[in-house]
1. On a 21 Å Cα-Cα criterion, which of the cross-link pairs 64/88; 130/174; 64/130; 38/64 come out too long?
2. Quick one: check the C-alpha center-to-center distance for segment 67-97 versus segment 190-268, whole angstrom.
3. Quick one: which residues, 5 or more positions from residue 473 or on another chain, have an amide H under 5 Å from its amide H? H modelled 1.01 Å from N in the peptide plane, none for Pro or chain starts.
4. Can you give the relative contact order of segment 384-534 as a percent, counting alpha carbon pairs under 8 Å and 6+ residues apart?
5. Between residue 326 and residue 271, with labels modelled 7 Å along Cα→Cβ, what's the label distance in nm to one decimal, could you check?
6. Grab the Cα-Cα distance for residue 445 and residue 70, subtract it from 0.36 nm times how many residues apart they are, and report the gain in nm with one decimal.
7. Under a plain spin-label model, where a point goes 7 Å from the Cα along Cα-to-Cβ, how far apart in nm are residue 284 and residue 309?
8. Using Cα pairs closer than 8 Å and at least 6 residues apart in sequence, work out the relative contact order for segment 159-307, in percent.
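Read-outs: derived from the displayed coordinates by stated rules, not from any lab. Quantities reported herein were computed from a predicted structural model and do not represent experimental measurements. A quick note on method: Cβ atoms are made from the backbone with ideal geometry, for glycine too, and the neighbour counts reach across all protein chains shown.
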Amino acid sequence: MRLLICLVSWLLLCCCWRTRAEIFTSIGQMTDLLYTEKELVHSLRDYIKAEELKLAEVKSWARKLDDLTRISTSDPEGYLAHPVNAYKLMKRLNTEWSQLESLVLQNPSDGFISNMTMHRQYFPDAEDEKGAAKALMRLQDTYHLDSEDFSKGRLPGMHSNAVLTVDDCYDMGKTAYNEGDYYHAVLWMQQSLKQLDAGEEAVVSKAAILDYLSYSVYQMGDLPRAIELTRRLVAIEPSHQRAGGNLRYFEKLLLKVQSEEEPTNQPASEEPIQLGTYVRPKDHLPEREIYEALCRGEQDGMTEARRSRLFCRYQDGSRNPRLLLKPMKEEDEWDSPHIVRYLEALSDYEIGKIKEMAKPRLARATVRDPKTGVLTTANYRVSKSAWLEEEDDPVIGRVNQRIQDITGLTVDTAELLQVANYGVGGQYEPHFDFSRRPFDSNLRVDGNRLATFLNYMSDVEAGGATVFPDFGAVIQPKKGTAVFWYNLFKSGEGDYRTRHAACPVLVGSKWVSNKWIHERGQEFLRPCGLTEVD
């Protein structure tokens with residue numbers, strides 16, 4: 001037994017050394033959690049052999065996880081590419097393993113419990129599970145996915161056995177409810193109720209679901225339906241602490257509303273609650289609808305007339321010696337502002353090396369607060385990033401030199417190569433790469449961000465496009481290619497048309513690296529124009 005305890009401790013320390021904060025934003029790091037879970041299952045099975053008679057129920061629980069971990073670790077990134085799998089991983093490690101702990105406490109198993117207690121600090125916590133749930137809701141909104149599609153594993157272009165149970169849907173709804181997000185609480189509580197009414201077994205009771213659902217519907221302003229749902233709750237559980245009082249309040253409020261308006265005696269709708277039943281509340285982003293429509297492939301601004309103005313060519317960097325024998329393949333993605341894509345910008349070896357160096361350094365991406373100038377995390381940028389410099393590896397030097405050769409701009413004043421990994425629902429909402437005046441203090445030496453060179457280091461199965469809401473461009477990620485555009489006019493004024501976004505990753509893992517090229521040093525490489533908008 002002492003040997004087993006030491007083994008479990010060693011396994012957990014090896015697998016869980018990374019800090020757990022915000023782990024759900026990077027599939028590259030979340031794969032470690034799958035191996036952690038697999039090792040926990042293996043150690044659990046060894047323990048079961050010593051406690052066979054006492055732990056029959058635990059053994060059954062472990063068998064259920066055996067198949068799951070075998071599938072998940074055979075292709076970790078592929079498994080976590082499905083957002084439901086990623087969410088359920090968070091839920092298992094935060095909730096279900098705690099249930100196992102309670103079960104084992106009923107038996108003389110101090111060794112196993114002490115190890116679980118000691119190492120739970122490395123597990124995803126409630127914040128991580130909440131973040132994964134909110135990521136699913138973000139995907140649901142952006143790509144117009146019904147809760148039932150998610151619960152059945154149906155995503156655009158694929159079907160999976162990654163399903164959400166009644167209890168999973170209930171927990172999703174409860175997460176939204178606790179955040180004051182009654183719109184999503186309604187959608188997920190309704191789905192939980194639907195699956196329960198269809199005969200699916202669950203731990204949660206129908207009364208609990210109706211309790212949350214009825215009040216959330218009331219918060220969405222649908223009094224007739226809130227009354228109907230509350231009556232169902234009272235019929236199931238007459239002594240419910242809140243139901244009776246809520247019912248009387250809702251009925252009184254409805255009478256008041258009807259007395260102030262023209263009476264209609266309209267009964268509660270019997271149509272099922274689904275996407276479109278209620279209006280999604282407005283938020284901070286003015287171009288939300290346009291941005292999400294572009295992410296879905298709608299409202300693409302490309303026209304035949306514009307397409308006829310786009311060409312492809314060989315780019316030798318104005319007779320740059322390093323590009324004479326092997327010029328870059330350059331394609332126009334957009335005419336104005338001019339956006340180009342370079343094919344074969346990175347080799348598979350270079351991509352692998354960059355990802356290898358970046359993975360241990362990945363940390364939650366930050367943005368600069370416009371009021372304080374302090375770097376901080378934000379809900380509108382959900383990814384993990386790392387910064388690589390030339391001293392880290394010769395590959396970084398080669399990539400920087402290639403960017404300089406292709407663009408004809410110096411990278412001496414550019415920022416370090418930033419590597420980002422977008423995992424479950426990873427996104428970056430519409431933003432400008434350049435700084436609007438007055439400039440931040442960190443830009444006073446090297447100037448504003450003149451241009452952006454963005455490398456795509458992975459294909460993405462669904463979602464993850466780079467979109468420009470102002471003019472409707474949609475740039476799809478393609479492994480090994482890069483896109484380039486200027487953020488500033490030649491006058492130094494910001495080109496506000498370049499406001500862009502990284503759409504949420506629906507299925508897959510998105511890796512990118514980018515180089516932000518600054519103004520200083522470009523005075524003779526990109527001279528000023530005659531007008532503000534040259």
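1. In this structure, 64/130 lie more than 21 Å apart at Cα.
2. Answer, in whole Å: 35.
3. 301, 468
4. Answer for segment 384-534 is 33 percent.
5. Calculated label separation equals 5.9 nm.
6. Here the segment from residue 445 to residue 70 would lengthen by 129.7 nm.
7. 3.5
8. 18
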